[in-house]
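All remarks here apply to the structure that follows.
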Amino acid sequence: MELALYEPSLGYYARETQQIGRHGDFFTSVSTGPLFGGLLARRFHQHWREIGEPKKWRIIESGAHDGTLAFDILSAIHAISPTASAALEYAIAEPLETLRVAQSAKLAAFGKNIRHVENPHEFTHQRLPGIAFGNEVLDALPFHLVERHESSWLECHVSRDGDSLTWTRHVIKNPALTAALAPLGEHFADGHRAEIRINFADFLKPLSAALDDALMIWIDYGFAAADLHHPLRHAGTLRTFSHHRAGDDPLADPGERDITAHVDFTAIAHAAMQLGGKPIKFHNQGAWLTELARDWLTSCDGTPDAAEIRQFQTLTHPAQLGGKFQVLEISWAPNAAPKDPASLARRLFPSE
């Protein structure tokens, strides 16, 4: 999966920057228009104020693609608070040159605010207060594919069969994968498939090390572990996307289609907690954005912009993007705490 998506010359995300939108392979919240970035900017500005309006702060975006969301966020922060905008370093962690070039062109007007890094480890000795976030990036992290067979889990490996690729099943020898499977229990039929990511901590660690008073926000499709790994979800969630059509064979045409699987938000919450973070919010996107938009909706004063209202409805309606995506907030601020810890625990850790 890592090669198929990210190989620098042949990988899916390295080939071009036109995968997103109506004429691409899939549709995201960014595709609806600039309101999504504007609402995120309100949350980011709120955090800047909560941590004392530092004279220099940092936002790190992972999975910035062509820079459209960054442009929308930066434009909105400048409109909300020129002071916060002037103090901001907007960092994009991007290993692929094709995307770095596109992002630099898109964000040329914000040149003094923008910093590109290939890897967040580059921030190790330059900590700043701020935020790390990503929209639909966790689902693109490589995962292990496992299958139930005679009351045991086997790992599915990719092998060559002549000129084709095929699956072979092997006894699991990775201790971390074995440990990640243990909480799932035993109530699975033969043939049950699941996708397991054991790389969340490796992904989060350099981001947390780059920030003080850190807030992380991850927006993606997925579930808490108990729902994601339910015995009735027999075929798992592995999907491919090309020209807005879903498929289930990631071995077909490698490098020419997106490969994804739903996110286990319980697993990423646990990974963050091991690094000292505290989950403080877990809502569907509709509820989360509606809470953020309260002041904006009030300010419309009965004369809302029709285009923005249409964007808001698409972003928040339960039958559209509002119910499709989940939002997890994790804080490293010393005094951070969920408003309703019991409710958060029921949603995020229902089987614990």
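To keep it simple, each residue is scored yes or no on (1) modelled with pLDDT under 95; (2) within 15 Å of the chain's Cα centre (by Cα); (3) acidic (Asp, Glu); (4) not assigned by TED's automatic domain parsing to the domain that holds Glu329.
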{"residue": "His170", "(1), (2), (3), (4)": "no, no, no, yes"}
{"residue": "Leu177", "(1), (2), (3), (4)": "no, no, no, yes"}
{"residue": "Asp202", "(1), (2), (3), (4)": "no, yes, yes, no"}
{"residue": "Leu207", "(1), (2), (3), (4)": "no, yes, no, no"}
{"residue": "Leu211", "(1), (2), (3), (4)": "no, no, no, no"}
{"residue": "Ala214", "(1), (2), (3), (4)": "no, no, no, no"}
{"residue": "Phe223", "(1), (2), (3), (4)": "no, yes, no, no"}
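Asp220 - would you say it is of a type outside the set (Val, Ile, Thr), surrounded by fewer than 19 Cβ atoms within 10 Å (Cβ to Cβ) and either touching a strand residue (DSSP E or B) at 6+ places or on another chain (Cβ under 8 Å) or at negative phi (or both)? Before you say what the answer is, go through the steps one by one.
Values: of a type outside the set (Val, Ile, Thr): yes; surrounded by fewer than 19 Cβ atoms within 10 Å (Cβ to Cβ): no; either touching a strand residue (DSSP E or B) at 6+ places or on another chain (Cβ under 8 Å) or at negative phi (or both): yes.
No, not satisfied.
Residues in region 57-71: is at least one loosely packed, with under 14 Cβ neighbours inside 10 Å and assigned by TED's automatic domain parsing to the domain that holds Leu215? So that I can check it myself, show each step before the final result.
As a first pass, look at region 57-71 and keep what is loosely packed, with under 14 Cβ neighbours inside 10 Å: none.
The answer is no, given that none of the residues of region 57-71 is loosely packed, with under 14 Cβ neighbours inside 10 Å and assigned by TED's automatic domain parsing to the domain that holds Leu215.
Is it the case that some residue within region 87-99 is within 21 Å of the chain's Cα centre (by Cα), crowded, with 22+ Cβ neighbours inside 10 Å and more than 22 Å from Asp212 (Cα to Cα)? No, that holds for no residue. Consider Pro129 carefully, then state whether it is surrounded by fewer than 19 Cβ atoms within 10 Å (Cβ to Cβ), touching a residue at least 60 places away in the same chain (Cβ under 8 Å) and outside any helix (DSSP H, G or I). No; evaluated as a whole, the condition is false for this residue.
Could you check, for region 73-80, whether at least one of its residues is touching a Ser or Thr at 6+ places or on another chain (Cβ under 7 Å), more than 30 Å from His243 (Cα to Cα), free of Cβ contacts under 8 Å to residues at least 40 places away in the same chain and surrounded by fewer than 19 Cβ atoms within 10 Å (Cβ to Cβ)? Checking region 73-80: at least one residue is touching a Ser or Thr at 6+ places or on another chain (Cβ under 7 Å), more than 30 Å from His243 (Cα to Cα), free of Cβ contacts under 8 Å to residues at least 40 places away in the same chain and surrounded by fewer than 19 Cβ atoms within 10 Å (Cβ to Cβ).
Within region 100-124, the set of residues being surrounded by fewer than 20 Cβ atoms within 10 Å (Cβ to Cβ) and of a type in the set (S, T, N, Q) comprises Ser104, Asn113, Asn119, Thr124.
Can you tell me which residue among Ala319, Ala267 is closer than 30 Å to Glu352 by Cα and modelled with pLDDT under 95? Step through it out loud before you land on a result.
Numbers: Ala267 fails: modelled with pLDDT under 95.
Within the list Ala319, Ala267, the selection yields Ala319.
Of everything in region 341-352 that's surrounded by 12 or more Cβ atoms within 10 Å (Cβ to Cβ) and not in a helix (DSSP H, G or I), which residue is farthest from the chain's Cα centre (by Cα)? Across region 341-352, the extreme among qualifying residues is Ser351.
Evaluation of Ala337 against the conditions (1) closer than 19 Å to Glu136 by Cβ; (2) free of Cβ contacts under 8 Å to residues at least 60 places away in the same chain; (3) not in a helix (DSSP H, G or I) shows that the sole unmet condition is (1).
Please tell me if Asp190 is acidic (Asp, Glu), assigned to a helix (DSSP H, G or I) and at negative phi. Please lay out each step first, then the result.
On the way: acidic (Asp, Glu): yes; assigned to a helix (DSSP H, G or I): no; at negative phi: yes.
So Asp190 does not fit the description; no.
What number of residues within region 162-183 satisfy the criterion of being in contact with a helix residue (DSSP H, G or I) (Cβ under 8 Å, 6 or more places away or on another chain) and of a type in the set (A, V, I, L, M)? Full working, then the answer.
Taking region 162-183 first, the residues in contact with a helix residue (DSSP H, G or I) (Cβ under 8 Å, 6 or more places away or on another chain) are 172, 180, 183.
Next cut, of a type in the set (A, V, I, L, M) only: 172, 180.
Selection size over region 162-183: 2.
Screening the candidates Pro334, Pro338 for the property of being in contact with a Leu (Cβ under 6 Å, 6 or more places away or on another chain) and assigned by TED's automatic domain parsing to the domain that holds Pro34 yields one hit, Pro338. Every listed requirement among (1) surrounded by 20 or more Cβ atoms within 10 Å (Cβ to Cβ); (2) touching a Phe, Trp or Tyr at 6+ places or on another chain (Cβ under 7 Å) is met by Gly322 save one, (2).
Restricting attention to region 105-126, the residues that are more than 21 Å from the chain's Cα centre (by Cα), assigned to a loop (DSSP other than H, G, I, E, B) and without any contact (Cβ under 8 Å) to a residue 40 or more places away in the chain total 1.
I'd like to verify a number: residues in region 233-273 that are of a type in the set (D, E, K, R) and assigned to a helix (DSSP H, G or I), how many? Outline the logic, then answer.
We begin by selecting, within region 233-273, every residue of a type in the set (D, E, K, R); these are 233, 239, 245, 248-249, 253, 256-258, 264.
Next, from what is left, pick out any that are assigned to a helix (DSSP H, G or I): none.
So the answer is 0.
Within region 142-157, does at least one residue satisfy the condition of being loosely packed, with under 13 Cβ neighbours inside 10 Å, within 30 Å of Ser29 (Cα to Cα) and free of Cβ contacts under 8 Å to residues at least 60 places away in the same chain? Checked region 142-157: no residue is loosely packed, with under 13 Cβ neighbours inside 10 Å, within 30 Å of Ser29 (Cα to Cα) and free of Cβ contacts under 8 Å to residues at least 60 places away in the same chain. Among the residues that make up region 243-258, is at least one of them modelled with pLDDT under 95 and under 17 Å from the mean Cα position of the chain (by Cα)? Looking for residues that are modelled with pLDDT under 95 and under 17 Å from the mean Cα position of the chain (by Cα), one finds at least one in region 243-258, hence yes. Given the structure, is Pro318 in the same structural domain as Ser31 (by TED's automatic domain parsing), touching a strand residue (DSSP E or B) at 6+ places or on another chain (Cβ under 6 Å) and not in a strand (DSSP E or B)? Against the criterion (in the same structural domain as Ser31 (by TED's automatic domain parsing), touching a strand residue (DSSP E or B) at 6+ places or on another chain (Cβ under 6 Å) and not in a strand (DSSP E or B)), Pro318 does not qualify. Selection of first residues in region 195-211 that are polar (S, T, N, Q) and of second residues that are part of a strand (DSSP E or B), restricted to Cβ pairs under 7 Å at least 6 apart or on distinct chains, gives the following pairs, ordered by first then second residue: Ser208/Ala214.
The values are calculated or read from the model by the stated rules, or taken from the named source; none is laboratory data. Because the structure is predicted, anything quoted here is derived from the model rather than measured. In this analysis, Cβ positions are derived from the backbone assuming ideal geometry, glycine residues included, and neighbour counts consider all displayed protein chains.
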